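Participant: Got a structure for you, written out below as structure tokens; questions coming shortly.
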Amino acid sequence: MSQTARRLLIVHHTASPALQELFEAVRRGATTDEIEGVEVVTRAALHATAVDVFRSDGIVLGTPVNIGYMSGALKHFFDTIYYPCLEETRRLPYALYVHGNNDTAGAVRAVESITTGLGWERAHRPVTVIGAPGKDDLESCWELGATLAATLSDPG
């Protein structure tokens with residue numbers, strides 16, 4: 001990557017085959033050949049740090065729904081980065097994908113509450129998937145990754 005490359009961070013908790021499919025679709029979209037000048041970095045939610053966020057120009061968040069809420073791993077990520085990133089990452093573009101077996105509303109609401117507190121800007125509507133991911137779900141995840149990467153590659 002050139003020195004002027006922008007960085008897209010994908011923070012994910014990939015705890016099932018369904019989430020693996022969604023994660024891979026997001027990553028494929030973000031790394032499509034049509035988008036230049038964007039480095040894509042992936043971090044498991046339990047290993048992502050405030051430094052990763054500081055070094056990023058945009059972020060994709062991925063989580064399963066656990067008992068109606070985001071995963072504990074993604075919550076841990078937010079717990080560790082919230083105050084260090086509170087002032088310095090305002091207006092950071094972000095997007096979210098969520099997988100659940102029944103309902104995703106609680107997880108989406110929780111992530112949106114935290115990102116609002118951080119002052120991050122939603123760059124794509126959340127992609128929510130119930131049950132086994134279908135072709136349309138995977139295409140939506142691909143689009144999410146491509147949209148965030150294209151947002152970063154646009155110099156305007």
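Participant: Select from the range 13-68 the residues that are of a type in the set (A, V, I, L, M, F, W, C), touching a Lys or Arg at 6+ places or on another chain (Cβ under 9 Å) and over 23 Å from Thr104 (Cα atoms) and list them in ascending order.
Facilitator: Within the range 13-68, Val38, Val40, Val41 meet the criteria.
Participant: If Ser140 satisfies all but one of (1) of a type in the set (Ser, Thr, Tyr); (2) modelled with pLDDT under 95; (3) within 15 Å of Arg28 (Cα to Cα), what's the number of the condition it fails?
Facilitator: (2)
Participant: Let me ask something else about it. For Ser113, which of the numbered conditions (1) crowded, with 19+ Cβ neighbours inside 10 Å; (2) part of a helix (DSSP H, G or I) fails to hold?
Facilitator: Just one mismatch for Ser113, condition (1).
Participant: Evaluate the range 118-127: report whether one residue or more is in contact (Cβ under 8 Å) with a residue 24 or more places away in the chain, under 19 Å from Leu19 (Cα atoms) and part of a helix (DSSP H, G or I).
Facilitator: no
The values are calculated or read from the model by the stated rules, or taken from the named source; none is laboratory data. From a predicted model like this one, the values you see are computed outputs, not experimental measurements. All Cβ positions, even for glycine, are placed from backbone atoms using ideal geometry, and neighbour counts span all protein chains on display.
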